[in-house]
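Structure first, then comments.
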Amino acid sequence: MTKKLKKIAVMTSGGDAPGMNAAIRSVVRTCAYYSTECVGIYRGYQGMIEGDFVTMTARSVNNIIQKGGTILKSARSKEFMTAEGRKKACDNLKEHDIDGLVVIGGDGSFTGGVVFNKEHNFPVIGIPGTIDNDIFGTSHTLGYDTALNTAMDAIDKIRDTASSHNRLFFVEVMGRDAGFIALNTGVGAGAEEILIPEEDLGLDRMLESLKKSRRSGKSSSIVVVAEGDKSGRNVYQLAEYVEENMPEYEVRVSVLGHMQRGGSPTCFDRVLASRLGVKAVELLIDGKSNLMVGLKNDKVSTTDLEKAIKGQCEIDMELLRVSDIMTT
């Protein structure tokens, strides 16, 4: 470590995700380890504009590693989308002698960080926090593993009811633009069919798959649907379509919704957050900026923030092939 920073600020932005508190804790305690002051910014970029800052010490983050959500809160900021708003935010940071920023969030939060860095040459490091796992440059984002386990546990419980009443359940999980949650939970929970945004399997194929399951002796089925699947129909329309074409099934819909964002983070997310927080602070102390810390092949690595935003996350085709085999 060669450069001495006066203060590093940390903030959470965008949708909350389990593991964000663990990341805040890691950033604060790494700052304490390197004798660098740390400041927490409440309510993301809006709090930066309004100067909603709090000094944080190693003791400030006691007993938060196990908590979901974010103690620093999160909020959207239309004002930060303007040059005037960003200048006001920068002035506030400088007034408090803050010379480095850790942003915990998704692509929208990172986009704000990139623009802020370009306009004001302010050092920014990003930590990916989103349950959708749709950030390029990391195999896992904070909250993704927890969301998978939450969704899978819910689907297991729904299957108990489906089996008891010989019902077909459509279970909608989060993932408007990415099917990572749907694909992984669908395979993990043994779903009969999985519908994701990345691939248009077609309604006819879905019907044939369900009919095949019925012929093989299955009296109940689970279809996992990402909220943005390519069928062009929402989950209730899909259920209605199946009822019209397969009247022998009693069809029900369950939308898991925001429960996937909540809850205590898994061990994996807590450890990942701790690793990424340490690396983020060390990068700032080393004079680095405009990077995202992530996980590649179980090693902490860095990706240019702009590339993390613009890069295309690809669905695991091997897992998609596995899902096809498992629904046989």
Once amide H atoms are placed 1.01 Å from N in the peptide plane, what residues at a sequence separation of 5 or more from Ser301, or on another chain, have their amide H within under 5 Å of its amide H? Gly294, Leu295, Lys296
Per the 1/(1 + (r/R0)^6) rule, R0 = 56 Å and r from the Cβ atoms of Thr57 and Asp153, FRET efficiency to 0.05 is 0.95
Here the gain from full extension of Leu319 to His165, 0.36 nm per residue of separation minus their alpha-carbon distance, amounts to 52.4 nm
Label selected from [x] 22.0, 71; [y] 19.3, 60; [z] 18.5, 58, the criterion being Rg and Dmax of the Cα atoms in Å as computed here: [x]
Report the percentage of all Cα-Cα pairs in region 50-116 whose separation exceeds 19 Å, rounded to a whole percent. 42 percent
Using the Kyte-Doolittle scale, find the helices of the chain whose mean hydropathy is at least -1.0 and whose Cα atoms extend 30 Å or more along the helix's long axis, counting only whole DSSP H runs. 144-165
Of Lys7/Lys73; Lys157/Lys296; Lys88/Lys230; Lys87/Lys307; Lys78/Lys299; Lys6/Lys118, which ones are farther than 31 Å apart at the Cα? Lys157/Lys296; Lys88/Lys230; Lys78/Lys299
What does the accessible area per residue of the chain come to in Å², with a 1.4 Å probe and no ligands, DNA or RNA counted? 44 Å²
Could you run the Debye sum over the Cα atoms of region 19-68, one equal point scatterer each and no solvent, and tell me log10 of I(q)/I(0) at q = 0.21, 0.33 Å⁻¹, two decimals? -0.75, -1.14
Quickly rank 95-107, 264-276 as a protection proxy: mean count of other C-beta atoms within 10 Å, highest first. 95-107, 264-276
For a quick check, take a GNM of the chain with Cα springs below 10 Å and name the residue from Leu284, Leu207, Leu142 with the largest mean-square fluctuation. Leu207
Percent relative contact order for region 238-323, counting Cα pairs under 8 Å at least six residues apart, stands at 14 percent
Can you tell me how region 9-110 classifies by the Cα gyration tensor, rounded, prolate or oblate, using a/c under 1.5 as the rounded cut? oblate
Relative contact order computed over the chain (Cα-Cα under 8 Å; 6+ residues apart), in percent: 24 percent
Lys94 to Asp286: FRET efficiency via 1/(1 + (r/R0)^6), r the Cβ-Cβ distance, R0 22 Å, to the nearest 0.05? 0.55
Cysteines having no other Cys beta carbon under 4.7 Å from their own, within the chain: Cys90, Cys267, Cys313
Calculate, for Lys4 and Lys118, the FRET efficiency according to 1/(1 + (r/R0)^6) with r their C-beta to C-beta distance and R0 22 Å; round to the nearest 0.05. 0.30
Rh by Kirkwood over Cα pairs, then Stokes-Einstein D for region 184-316 at 1.002 mPa s and 20 °C, µm²/s: 117 µm²/s
Helix-only mean residue ellipticity at 222 nm, the chain, DSSP H runs n ≥ 4 weighted -39,500 (n - 2.57), per residue, nearest 500. What is it? -13000 deg cm²/dmol
Length-normalised contact order of region 51-148, Cα under 8 Å, at least 6 apart, in percent, tallies to 18 percent
Expressed in angstrom and rounded, the centroid-to-centroid distance over alpha carbons for region 107-169 and region 273-328 is 12 Å
Rounded to a whole number, what % of the accessible area of the chain do carbon and sulfur atoms account for, probe 1.4 Å? 48 percent
Can you give me the Cα centroid spacing of region 173-248 and region 13-79 in angstrom? 39 Å
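The values are calculated or read from the model by the stated rules, or taken from the named source; none is laboratory data. Not measured: the values here are computed from a predicted model. Here Cβ is always computed from backbone atoms with ideal geometry, including for glycine, and neighbour counts include all displayed protein chains. Remember, those area values only see protein heavy atoms, side chains included, never the ligands or the DNA or RNA. Shrake-Rupley method; radii C 1.70, N 1.55, O 1.52, S 1.80 Å.
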